[in-house]
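Undergrad: Before I ask anything, here is the structure I am working with.
The values are calculated or read from the model by the stated rules, or taken from the named source; none is laboratory data. These numbers come from a predicted model, not from an experiment. Glycine gets a Cβ as well: all are built from the backbone with ideal geometry, and neighbour counts include every protein chain shown.
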Amino acid sequence: MKKFGIVLLPVFTIILELLPHGAVLIFAPSPADTIRETYAYFSLEPIGYANLAPFVTAFLTCIILILAIITIIKNDMKVGKALFIISLVAVMVSLVPLRLGIDYYSIIGGMITVMLVVECILAKMMTK
């Protein structure tokens, strides 16, 4: 079950990252008015507004998927340790938008973070 979970979690996470409701940008056309727009984690629009965390999280999730597949096929503990470390880094990067406030974080972003935490736990369990 762990082997299927370690591969399925990044797949589901990537699917969530493809949805256009994860990355949040807030625009202020006037001092009293704000507009909240959401984008996919793979979108380059947030990068243009210096919100790099969603794209970096999406990139790290793709690396996690590749490492998970290699871990399953080769049963290599060194790759499993790398999987754990990159999963941990991805969790930390996915929480970076919270430094700007809760308005810059979405429910989809929270679900992505939870899936990455579970992936991190599974990777740690695989290395023991």
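Undergrad: Of the residues that make up the range 35-58, is at least one surrounded by fewer than 19 Cβ atoms within 10 Å (Cβ to Cβ), of a type in the set (Gly, Ala, Ser) and either modelled with pLDDT under 90 or assigned to a loop (DSSP other than H, G, I, E, B) (or both)?
TA: Within the range 35-58 (the criterion being surrounded by fewer than 19 Cβ atoms within 10 Å (Cβ to Cβ), of a type in the set (Gly, Ala, Ser) and either modelled with pLDDT under 90 or assigned to a loop (DSSP other than H, G, I, E, B) (or both)), the answer is yes, since at least one residue qualifies.
Undergrad: Still on this structure: Count, please, the residues in the range 13-34 that happen to be touching a residue at least 24 places away in the same chain (Cβ under 8 Å) and either farther than 13 Å from Leu100 by Cβ or not in a strand (DSSP E or B) (or both).
TA: Residues of the range 13-34 touching a residue at least 24 places away in the same chain (Cβ under 8 Å): 13-14, 16-19, 21-26.
Of the ones still in play, those that are also either farther than 13 Å from Leu100 by Cβ or not in a strand (DSSP E or B) (or both) are 13-14, 16-19, 21-22.
Number satisfying all stated conditions: 8.
Undergrad: Looking at the range 77-121, which of its residues are at pLDDT 90 or above, of a type in the set (Ser, Thr, Tyr) and assigned to a helix (DSSP H, G or I)?
TA: Hits for the range 77-121 are Ser87, Ser94, Thr113.
Undergrad: Can you tell me which residue within the range 57-97, out of those that are small (Gly, Ala, Ser) and farther than 21 Å from Ile47 by Cα, is nearest to the chain's Cα centre (by Cα)? Break it down into steps so the answer makes sense when it comes.
TA: Of the residues in the range 57-97, the ones small (Gly, Ala, Ser) are 58, 68, 80, 82, 87, 90, 94.
Keeping just the survivors that are farther than 21 Å from Ile47 by Cα gives 68, 80, 82, 87.
On the way: Ala68: 15, Gly80: 18, Ala82: 16, Ser87: 9 Å.
Only one residue fits best here, namely Ser87.
Undergrad: Here is a follow-up. Check Ile64, Ile107, Ile121, Ile102 and return the single one that is surrounded by fewer than 20 Cβ atoms within 10 Å (Cβ to Cβ) and over 30 Å from Thr34 (Cα atoms).
TA: Values: Ile64 fails: surrounded by fewer than 20 Cβ atoms within 10 Å (Cβ to Cβ); Ile107 fails: over 30 Å from Thr34 (Cα atoms); Ile102 fails: over 30 Å from Thr34 (Cα atoms).
It is Ile121.
Undergrad: Answer with yes or no whether Thr127 is touching a helix residue (DSSP H, G or I) at 6+ places or on another chain (Cβ under 8 Å), among the hydroxyl-bearing types (Ser, Thr, Tyr) and over 30 Å from Glu37 (Cβ atoms).
TA: On the way: touching a helix residue (DSSP H, G or I) at 6+ places or on another chain (Cβ under 8 Å): yes; among the hydroxyl-bearing types (Ser, Thr, Tyr): yes; over 30 Å from Glu37 (Cβ atoms): yes.
Yes, satisfied.
Undergrad: Here's another thing I want to ask about it. Which of the following residues is within 23 Å of Thr127 (Cα to Cα) and touching a Gly at 6+ places or on another chain (Cβ under 9 Å): Thr38, Thr71? Quick ask: steps written out before the conclusion?
TA: On the way: Thr38 fails: within 23 Å of Thr127 (Cα to Cα).
Residue meeting the stated conditions: Thr71.
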